[in-house]
Amino acid sequence: MSARPFGELEVIARPPAGKAVSPVPLLFIHGAYTGAWCWDEHFLPYFAAAGFDCYALSLSGHGASRRRGGLDSFSIDDYVRDVTEVIAALPRAPALIGHSMGGMVIQKYLEEADVPAVALLCSVPPQGLMGSALGLMFNKPHLLGNLNQMLAGSQPDPESLREALFHQPVDDDALMRYYHLCQPESHRAVWDMTLFNLPQPSRMHRPPMLIVGAEHDHLIPPAQVAMTAALYGLEAKILPGLGHGVMLERDWESVAEMLLDWLTVQLVEV
């Protein structure tokens, strides 16, 4: 593994084990409140072992990327420019895998450029976050309140992180490690995803796309994932027994295996 800057952006890179199975690299885009680290827990080593050249980006203001202190100045368009900057430094256009907010960033990127394949995991839908916020308000108001505290830079109860990300058991040591790695999110980006800068599907390139949700996701429920898939003329793949943080859940490998099978068809068996 190497964590090297692409300009002022933190990019964790893991080369393929042995000969690459495809010339197309994989670029993973994280969701709100996290950074590239969330992919390196399991997914980057897994896909590198499977023969893919793997990269995970920390968006501006996240992780070790530029202007951590200026987080609230960053918009979704700024995050799209981060993705564009990293892709320009790669040997060729990658397949993009985005989680939650990262899925929204990818949808906005597709308004500007094409890629070989896209996977959206528990992604913010093109209709934005309003439906998610209303669902939390009525069903889990305490969780919405804790997420708003985190957005404002306060430290929420670690149990709120457990409820937001996990359905399966997670041990306390791992939970606290994730808790300390999480961070606030840009208010501007959240408003963009809620109302002000939603994707325009009529402008988007349409590469092969996989839409994935989780049965027990409180933040982006399966109905919203199905709505995303329907807009793109696809069927959603809803994974049983998992919460929002599919790449960190105990059964993360079942998610990785499903994604690997799909990517192999798109990028290798052609």
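Among beta bridges identified by DSSP and lying wholly in the chain, the antiparallel ones come to about 30 percent.
At 222 nm, what helix-only mean residue ellipticity would the chain give, in deg cm²/dmol to the nearest 500, using -39500 (n - 2.57) for each DSSP H run of four or more?
-11000 deg cm²/dmol
Roughly how many percent of the accessible protein surface of the range 171-249 is carbon and sulfur, given a 1.4 Å probe and a whole-percent answer? Kindly include the intermediate steps, with their values, before the conclusion.
Working: 2110 of 3660 Å².
Carbon and sulfur together cover 57 percent of it.
Compared with the dominant Cα axis of the chain, that is its longest principal axis, helix 222-231 is turned about 50°. Of the accessible area of the range 1-71, computed with a 1.4 Å probe over protein heavy atoms only, carbon and sulfur atoms account for 55 percent. Computed from the alpha carbon positions, the gyration tensor of the chain leads to an equivalent ellipsoid with semi-axes of 25, 20, 20 Å, biggest first.
Kindly give Rg over Rh for the range 21-63, based on alpha-carbon atoms, with the Kirkwood expression for the hydrodynamic radius. Walk me through the intermediate numbers first.
Numbers: Rg = 10.8 Å, Rh = 10.7 Å.
Taking Rh as the inverse mean 1/r over Cα pairs, Rg/Rh reads 1.01.
Hey, in the GNM for the chain with a 10 angstrom Cα cutoff, which one of Pro126, Pro201, Pro45 fluctuates hardest? Sorting by GNM fluctuation, first place goes to Pro201. Kirkwood-type hydrodynamic radius, the range 151-270: 16.5 Å, calculated from all non-identical alpha-carbon pairs. At a Förster distance of 30 Å, what's the computed FRET efficiency of Phe196 paired with Arg92, Cβ-Cβ distance as r, to 0.05? Here the calculated transfer efficiency is 0.35. In the elastic network of the chain, a GNM with C-alpha springs shorter than 10 Å, the most mobile of Phe43, Phe28, Phe196 is Phe196. For the range 44-105, the solvent-accessible area with a 1.4 angstrom probe is 29 square angstrom per residue.
Dipole magnitude for the chain: computed about the Cα centre from +1 point charges on Lys and Arg Cβ and -1 point charges on Asp and Glu Cβ, it is near 540 debye.
Based on DSSP loop calls and a cut-off of at most 15 other Cβ atoms within 10 Å, the longest stretch of the chain free of exposed trypsin sites (Lys or Arg not before Pro) is what? Mind dumping the intermediate values first?
Working: sites that count: Lys19, Arg67, Arg92, Arg250.
Result, exposed sites excluded: 93-249.
Rounded to two decimals, the Cα-based Rg/Rh of the range 1-119, with Kirkwood Rh, is 0.94. In degrees between 0 and 90, to the nearest 10, how far off the longest principal axis of the chain does helix 252-267 point, with axes built from Cα atoms? That helix lies at roughly 40 degrees to the long axis.
The values are calculated or read from the model by the stated rules, or taken from the named source; none is laboratory data. All of these numbers come straight from a predicted model, not from anything done at the bench. Counting neighbours? That spans all protein chains shown, and the Cβs are built from the backbone with ideal geometry, glycine included. Areas reflect the complete protein model, heavy atoms only, side chains present, ligands, DNA and RNA absent. Shrake-Rupley method; radii C 1.70, N 1.55, O 1.52, S 1.80 Å.
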